[in-house]
Amino acid sequence: MMILLPQFLLALFATLGFAVIFRVPVNKIPICVVVGACGWIAYLVSDYFLDSPVVGCFLGACLVGLLSIIAAYIFKDAATVFIIPGILCLVPGAKIFYTMEAFLKNDLSQMGTIGLQTLLMAGAIAMGLLVIGAITRVVRSLIKKTVTLKDKF
């Protein structure tokens, strides 16, 4: 299996750079960094075991979304403060580059293959964040209704 510690450290630094670029408050930067690195490790592990970068992006985005919502609840801040820097490590930038390179070389078969995988990875990131957001809203509403019903009786 791959060595995960160097990947974790590199993801920490990449997320740190994005957190600085997006002007995350200084006291929230360590949490953003850990969220982004955990999302990248989830992507790597699931890609290794399942051999699917699309599923890896989905699971990594789910973990980033879940950790961001938990951090937002604990630190009383918006979840987007943690999601945006944390999710950018999962964006398939190299695949976008290779798609454009194949297009410029007029290799339409390669462009279609890589381009489709890139679009699926981007969609998986969006779906991962959407699914976790929807699940947490349902759970919150169920908890709120349970507490409200408990107070009535």
Lone qualifier among Ile41, Ile31, Ile70 - being in a helix (DSSP H, G or I), farther than 16 Å from Leu90 by Cβ, open to solvent by less than 40 Å² (accessible area, probe 1.4 Å) and not basic (Lys, Arg): Ile31
The stretch 1-28: number of residues that are farther than 17 Å from Val91 by Cα and surrounded by fewer than 17 Cβ atoms within 10 Å (Cβ to Cβ): 12
Of residues in the stretch 86-138 being under 28 Å from Ala71 (Cβ atoms) and outside any helix (DSSP H, G or I), the one most open to solvent (accessible area, probe 1.4 Å): Val91
Any chance Ile83 is closer than 26 Å to Leu4 by Cβ and open to solvent by less than 60 Å² (accessible area, probe 1.4 Å): yes
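The values are calculated or read from the model by the stated rules, or taken from the named source; none is laboratory data. All values reported here derive from a predicted model rather than from experimental measurement. No Cβ is skipped: glycine too gets one built from the backbone with ideal geometry, and neighbour counts run over all protein chains shown. Note: accessible area is taken over every heavy atom of the protein model, side chains too, but ligands, DNA and RNA are not part of it. Shrake-Rupley method; radii C 1.70, N 1.55, O 1.52, S 1.80 Å.
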